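Data block below; observations after.
The values are calculated or read from the model by the stated rules, or taken from the named source; none is laboratory data. Small disclaimer: the values here were computed from a predicted structure and weren't measured. FYI the Cβ positions are ideal-geometry reconstructions off the backbone, even for glycines, and counts take in every protein chain you see.
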Amino acid sequence: MMLKVFTLFLLVYISVFAQEECDKKSYGYSYLAIGAQNTFYTQVFNSNDGEYTLSSSSSSPYYTTTTLTRVNELIGFEIYAASTLFATTTTETVSASNLSATHKLDFTMTDIALTIHYKPINEYNRITLGARYTYEVLKRYNFRDESSISVDMVENRIASISFDLGYL
């Protein structure tokens, strides 16, 4: 426990005082990046017929962009956005003690965050406070072997809002 406290103290000390020697000031930034969103998904649920496990993995093109704007010497404002460019279709496996089936799955995600940066000591040490909205969509279709299922597509939509507090 004492080692953790000492390490935390040392990191804060180095961060606060060592960076004051740097003459270069960075007041803001902006970037756009394109890459891949790799998703590994597992869902386990119980029904009257027993326990079912759904699992899949996919990789889809993804972008992210952020802008940090300086409001004044104490405050900065950051806007972050990321999203799946288009969903890559993958196969989802459904397994249970008496069933093994597959169908198609598309997964997309959108993530938006707004963050305030407060700089009480200097430009390099910030307390951040923000809110984040995430929206995920899972589309399941092309069902086979499920004679009891009479649907063409099942869509799950999940939205969440979270609040973030941190030190940067």
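Just to be sure I understand, how many residues within the stretch 65-112 are of a type outside the set (A, V, I, L, M, F, W, C) and in contact with a Lys or Arg (Cβ under 9 Å, 6 or more places away or on another chain)? So that I can check it myself, show each step before the final result.
Of the stretch 65-112, the ones of a type outside the set (A, V, I, L, M, F, W, C) are 65-67, 69-70, 72-73, 76, 78, 80, 83-84, 88-93, 95, 97-98, 100, 102-104, 106, 108, 110-111.
Adding the requirement that they be in contact with a Lys or Arg (Cβ under 9 Å, 6 or more places away or on another chain) leaves 73, 76, 80, 89-92, 102-104, 106, 108, 111.
Total satisfying the criteria: 13.
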Could you figure out which of (1) surrounded by 11 or more Cβ atoms within 10 Å (Cβ to Cβ); (2) closer than 30 Å to Tyr167 by Cα; (3) of a type in the set (Phe, Trp, Tyr); (4) modelled with pLDDT under 95 isn't true of Tyr31? (1)
Any residue at all in the stretch 146-158 that's out of contact with any helix residue (DSSP H, G or I) (no Cβ under 9 Å at 6 or more places or on another chain), surrounded by 12 or more Cβ atoms within 10 Å (Cβ to Cβ) and touching a residue at least 24 places away in the same chain (Cβ under 8 Å)? yes
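Confirm whether Phe77 is in contact with a strand residue (DSSP E or B) (Cβ under 8 Å, 6 or more places away or on another chain), surrounded by fewer than 16 Cβ atoms within 10 Å (Cβ to Cβ) and either modelled with pLDDT under 90 or in a strand (DSSP E or B) (or both).
Working: in contact with a strand residue (DSSP E or B) (Cβ under 8 Å, 6 or more places away or on another chain): yes; surrounded by fewer than 16 Cβ atoms within 10 Å (Cβ to Cβ): yes; either modelled with pLDDT under 90 or in a strand (DSSP E or B) (or both): yes.
So Phe77 fits the description; yes.
A quick yes/no check of all residues on (1) in a strand (DSSP E or B); (2) more than 18 Å from Gln43 (Cβ to Cβ); (3) touching a residue at least 24 places away in the same chain (Cβ under 8 Å):
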| residue | (1), (2), (3) |
| --- | --- |
| Glu92 | yes, no, yes |
| Ser100 | yes, no, no |
| Phe107 | yes, no, yes |
| Thr110 | yes, yes, yes |
| His117 | yes, yes, yes |
| Pro120 | yes, yes, yes |
Positions within the stretch 37-73 being hydrophobic (A, V, I, L, M, F, W, C), surrounded by 11 or more Cβ atoms within 10 Å (Cβ to Cβ) and part of a strand (DSSP E or B), in sequence order: Leu54, Leu68
Can you tell me which condition Thr88 does not meet? The list is (1) outside any strand (DSSP E or B); (2) without any contact (Cβ under 8 Å) to a residue 24 or more places away in the chain, and all the others hold. (2)
